[in-house]
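In what follows, a single structure is set out as structure tokens and then discussed.
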Amino acid sequence: MLEKAYDPKPVEAARLAAWDAARLSHCEPRDGARPYAIVIPPPNVTGALHVGHALNNTLQDAFIRHQRLTGAQTCWVPGCDHGGIATQNVMEKQLKAEKADRHALGRDAFLERMQQWTRDCKKTILGQLHRLGCSLDWEREAFTMDEPRAKAVFHAFKTLWDRGLIYRGERLVNWCVRCGTALSDIEAEREERKGALYHIHYRCEDGSEGVVVATTRPITMFGDTAVAVNPKDARWKRMVGKKVLIPFIDRAIPVIEDSYVEFEFGTGALKITPAHDQNDWELGLRHKLPAIKAIGPDGKLTEAAGPYAGLSREKAQDQVVADLEARGFLRKKEDHKSAVQTCYRCNSVIEPLLSLQWFVQQTELAKAPLKALDAGEFKIYPKNWEKPYRDWLVNIKDWCVSRQIWWGHRIPVWYKDGQKPLVSRESPGAGWTQDPDVLDTWFSSALWPLAVFGWPEKTKDLAAFYPTATLVTGYEILYLWVARMQMMGLAFEGKVPFADAVIHGIVRDKSGKKMSKSLGNVIDPLLMMDKHGTDALRFALMAQAHPGKDIAFDEQSVVGARNFVNKLWNSTRFVLMNLPPPAAAVSYRLEKLPRGRLELADQWILSRYQAALAKARTSLDAYDPAAAAEALYVFLWDEFCAWYIELAKARLLGIDGEEKENARTILVSVLVGSLKALHPIMPFVTEEIYAAVKGYAGESAEFLLQGGYQDAGCDWSNPEAEKEMSRVMAAVTSIRSLRSQLNVPPGLKIKAVAEGPFAPAVIGRHRAYAMSLAQLESVEPVNGGRPPQSATAVAEGVTFFIPLAGVIDFAKERERLAKDLAKAEGDIVKCAAKLRNLSAAASAPVETVAQAQEQHDAALARRDRLKETIAVLS
RNA sequence: GCCCAGUUGGCGCAGUGGUAGCGCGUUCCCUUGACAUGGGAAAGGUCACAGGUUCAAAUCCUGUACUGGGCACCA
């Protein structure tokens with residue numbers, strides 16, 4: 001016998017142990033079954049998982065389990081990402097807390113510590129994924145920096161090099177002063193900040209007035225190599241060709257013309273600093289201007305800044321502005337908002353810096369992904385991300401892949417005086433030194449779907465599971481990761497790495513704010529699992545995972561899901577209580593039911609059951625778990641438990657016979673089929689229940705995943721039964737409502753009489769339903785008119801009179817009925833308007849007209865009954 | 001500046017042409033042999049605004065406002 005309340009902890013532990021022991025989620029490629037593979041977005045080894053990871057991985061697990069239940073051979077590959085800058089930052093913080101730093105430690109010792117950290121962190125993360133119930137193939141664990149992946153990285157680099165798609169060059173790159181490394185364009189985020197626009201006077205070399213330039217960053221003037229004005233700008237025409245002097249250092253720079261310069265902005269004169277601004281860099285190229293670095297990689301001003309050399313950016317800014325003002329160079333200072341670029345890892349302001357870096361040429365590589373998108377070989381769900389994705393590929397710029405950090409794949413290029421650089425994994429010999437930089441962490445991530453299957457080797461796994469089916473990730477890494485995987489996969493294997501990308505939202509706090517440690521609003525998924533159970537957390541997330549939308553996460557939703565889990569548990573308890581002992585039990589299977597002899601509730605629930613399962617399946621096929629969760633929740637709670645179980649009670653308590661057996665068959669079958677449908681979302685409780693009931697269902701699979709979805713055997717769809725049942729329910733509800741409003745004690749059985757076209761059904765074949773669900777002592781036809789001292793309940797096709805001598809308050813009853821009447825009148829107006837509309841239109845569908853007519857007539861009938869009753873009461 | 005989403009009861013969200021739904025919360029009643037992690041009944045919304053298309057609009061179109069996001073930026 002099951003416990004009264006579901007206790008997730010012991011169940012989860014036991015189920016995980018059993019799944020592991022059976023290697024349930026391990027897969028070897030085999031012939032015959034359709035492959036369905038997913039590679040996990042490898043979490044960075046930066047710490048523990050957060051609730052966003054819980055969402056991401058529950059989605060994947062739901063899809064994997066769903067596909068497996070449909071008969072696919074599924075493969076879900078686990079792993080972690082070394083996480084480059086992000087992880088190195090974590091370690092640097094640790095070192096700082098120990099009053100140490102990586103330079104003091106040295107590269108080798110630092111890397112050793114990183115390895116140790118990585119081992120611990122991987123264990124934590126994979127343990128958490130395991131706890132979440134993820135049916136990952138634990139025997140395939142991969143890491144972006146392990147040996148097989150290192151081989152893949154080298155092979156990719158070498159291949160791109162050989163194809164001429166990798167080059168080294170001095171370019172203006174996004175430089176994070178704090179992280180001490182270059183970043184790619186997408187790793188620099190833009191942020192609007194308040195600042196000032198400074199108007200600075202540059203004297204003319206010949207002693208004349210000179211020009212006034214406007215800039216937000218006065219300190220870059222030490223790197224100026226020209227001042228540009230618009231050729232059509234009469235104001236500055238006189239200055240063109242002359243030379244002006246940079247304040248404080250008096251370096252002379254030419255005044256040139258370029259139509260890029262806007263008249264309206266600032267003074268119309270633009271100082272040009274090719275080494276510190278992207279636009280200036282391009283202007284510099286156009287006019288063959290030299291590039292002078294005024295700010296170094298450490299964020300401090302260089303010798304070019306003369307007296308300011310050695311000051312930090314921030315200090316120098318204040319000092320230079322003060323001095324400009326003191327010396328009369330500052331002509332004007334106005335408030336100005338400008339977009340600054342910040343580092344996506346540490347949020348500090350990025351400095352455009354001229355430096356020697358490695359780049360991957362992108363235009364060529366972007367062609368195949370665009371073609372794949374156009375051809376429909378690659379789809380993004382939801383579709384609205386396809387346009388930004390396409391735009392990014394179309395406007396793509398070369399990818400800076402070198403990072404001046406230590407944690408990562410070292411660039412496999414070796415240098416020796418007088419020799420061409422050599423691409424090699426191993427040292428080519430004495431005298432050669434390896435490039436000190438490492439590759440962007442996204443370089444190895446881009447190879448992930450290939451590398452986890454052993455690429456570049458032509459492995460069986462690669463043949464079986466590449467291309468993979470689905471990639472599940474957040475929109476924040478659509479370009480950073482998704483697009484790059486497409487480029488690499490197509491470049492190396494000629495096939496998309498995954499056919500579908502499912503883009504989900506981010507999990508926010510309950511008021512919709514982004515979770516962050518500093519706000520203190522982060523939700524720990526482990527805590528949620530501890531408090532409410534893993535299935536509850538998973539269900540809560542899935543029920544809100546509408547395609548592409550963010551989730552406002554409230555712990556209450558987990559409590560609600562926990563309640564649903566418990567409801568499922570208890571409905572099972574009820575079913576088991578009403579079955580014969582296992583030894584005596586036959587197997588209850590839908591195909592054994594006598595189709596022609598089922599009663600209304602049976603026909604109804606089977607029809608609803610079939611619809612719910614179909615909805616759940618198609619929703620999961622369409623990557624819409626919220627719709628699947630909703631369909632199953634409503635079916636199980638509001639239909640199966642609230643109505644069917646209640647209706648079946650009478651039969652189960654009654655005499656043995658076909659009717660009781662039918663009820664048992666349906667209870668067991670519908671329960672088992674629903675468990676299977678629910679299993680992708682809540683694997684633990686469904687597995688536990690399945691173990692308890694599968695014997696009755698004639699199933700022998702050890703685990704739910706091994707059995708596949710239930711085959712209903714035939715089409716149970718039955719619109720007539722659904723309609724009839726909904727009328728019964730409405731009749732029952734009308735009596736319940738009356739009882740409640742007249743304060744009839746719930747336990748008190750009452751007598752009722754009924755009239756109307758649907759009354760024979762209520763009194764006759766559905767008599768037992770009405771009796772038990774509405775707590776009636778009896779229900780009889782009206783004989784000789786309305787009973788005196790009775791209350792009235794008007795439902796569609798049937799009116800009940802409940803004699804309540806002494807109990808009934810006539811004023812209250814009139815009030816109640818008046819309300820119903822008003823509702824009926826309102827309905828009539830609406831229905832009549834609709835009917836008029838429809839009759840005026842030639843194109844109106846016949847069924848719509850018939851339905852509207854029916855609704856109209858029903859409302860009319862209801863109104864008439866209510867009017868009569870009110871008249872009698874007055 | 002351009003583009004894309006969103007705007008529905010107190011809160012969070014479904015709902016792509018035919019009388020507005022769900023969860024949580026709220027009110028009243030109920031410890032009746034599955035479940036108080038429960039049951040029953042109820043209150044609560046002119047579906048952001050303005051036009052338009054249609055017999056019929058929360059739903060389709062146009063515009064506006066606000067919110068969020070993406071992209072690109074005039075230093």
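Odds and ends about this structure:
- Hits in region A:207-223 - residues which are out of contact with any helix residue (DSSP H, G or I) (no Cβ under 9 Å at 6 or more places or on another chain), within 21 Å of A:GLU351 (Cα to Cα) and part of a loop (DSSP other than H, G, I, E, B): A:THR216
- Selection within region A:386-404 - modelled with pLDDT under 95, among the aliphatic types (A, V, I, L, M) and in a loop (DSSP other than H, G, I, E, B): A:ILE396
- Restricting region A:355-388 to residues that are touching a strand residue (DSSP E or B) at 6+ places or on another chain (Cβ under 6 Å) and within 12 Å of RNA strand B (Cβ to nearest atom) leaves a set whose member that is most open to solvent (accessible area, probe 1.4 Å) is A:TRP385.
- Which listed residue is open to solvent by 10 Å² or more (accessible area, probe 1.4 Å), within 16 Å of RNA strand B (Cβ to nearest atom) and modelled with pLDDT of 90 or more, from A:VAL244, A:VAL227, A:VAL212: A:VAL212
- Here A:LEU2 meets the list (1) under 19 Å from A:LEU126 (Cα atoms); (2) surrounded by 14 or more Cβ atoms within 10 Å (Cβ to Cβ) almost entirely, failing just condition (1).
- Selection status of A:THR58, assigned to a helix (DSSP H, G or I), hydroxyl-bearing (Ser, Thr, Tyr) and surrounded by fewer than 23 Cβ atoms within 10 Å (Cβ to Cβ): no
- If only residues of region A:614-661 that are within 10 Å of RNA strand B (Cβ to nearest atom) and acidic (Asp, Glu) are counted, the one that is farthest from the chain's Cα centre (by Cα) is A:GLU646.
- When A:LEU422, A:LEU471, A:LEU450 are screened for being farther than 19 Å from A:LEU373 by Cα, surrounded by 16 or more Cβ atoms within 10 Å (Cβ to Cβ) and away from RNA strand B (no atom under 16 Å from the Cβ), only A:LEU450 passes.
- For region A:573-598, the tally of residues that are under 43 Å from the mean Cα position of the chain (by Cα), of a type outside the set (Lys, Arg) and more than 8 Å from RNA strand B (Cβ to nearest atom) stands at 8.
- Residue ID - most open to solvent (accessible area, probe 1.4 Å), chosen from residues in region A:322-346 that are away from RNA strand B (no atom under 14 Å from the Cβ) and not charged (D, E, K, R): A:ALA326
- The sole residue among A:VAL728, A:VAL732 that is more than 11 Å from RNA strand B (Cβ to nearest atom), part of a helix (DSSP H, G or I) and either modelled with pLDDT of 95 or more or not polar (S, T, N, Q) (or both) is A:VAL728.
- Scanning region A:658-702 for residues that are open to solvent by 10 Å² or more (accessible area, probe 1.4 Å) and assigned to a loop (DSSP other than H, G, I, E, B) yields A:LYS694, A:GLY695, A:TYR696, A:GLY698, A:GLU699, A:SER700, A:ALA701, A:GLU702.
- Some residue of region A:252-269 being part of a helix (DSSP H, G or I), surrounded by fewer than 17 Cβ atoms within 10 Å (Cβ to Cβ) and more than 48 Å from the chain's Cα centre (by Cα): no
- Among the residues of region A:504-551, those identified as hydrophobic (A, V, I, L, M, F, W, C) and out of contact with any helix residue (DSSP H, G or I) (no Cβ under 7 Å at 6 or more places or on another chain) are A:MET515, A:LEU519, A:VAL522, A:LEU527.
- Residue pairs whose Cβ atoms lie under 6 Å apart, separated by 6 or more positions or on different chains, with the first residue in region A:569-591 and touching a residue at least 40 places away in the same chain (Cβ under 8 Å) and closer than 16 Å to A:TYR609 by Cβ and the second among the charged types (D, E, K, R) and open to solvent by 20 Å² or more (accessible area, probe 1.4 Å), are A:TYR588/A:ARG664.
- Taking region A:154-197 as the range and being part of a loop (DSSP other than H, G, I, E, B) and either under 31 Å from the mean Cα position of the chain (by Cα) or within 16 Å of RNA strand B (Cβ to nearest atom) (or both) as the test, the residues that pass are A:CYS179, A:SER184.
- Whether a residue is over 29 Å from A:PHE263 (Cα atoms) and surrounded by 22 or more Cβ atoms within 10 Å (Cβ to Cβ) was assessed, and A:PHE222 does not pass this test.
The values are calculated or read from the model by the stated rules, or taken from the named source; none is laboratory data. Quick caveat, the model's predicted, so the values are computed rather than measured. As a convention, Cβ positions derive from the backbone with ideal geometry for all residues, glycine included, and neighbour counts pool all protein chains shown. Surface areas here come from the heavy atoms of the whole protein model, side chains and all, with no ligands, DNA or RNA. Shrake-Rupley method; radii C 1.70, N 1.55, O 1.52, S 1.80 Å.
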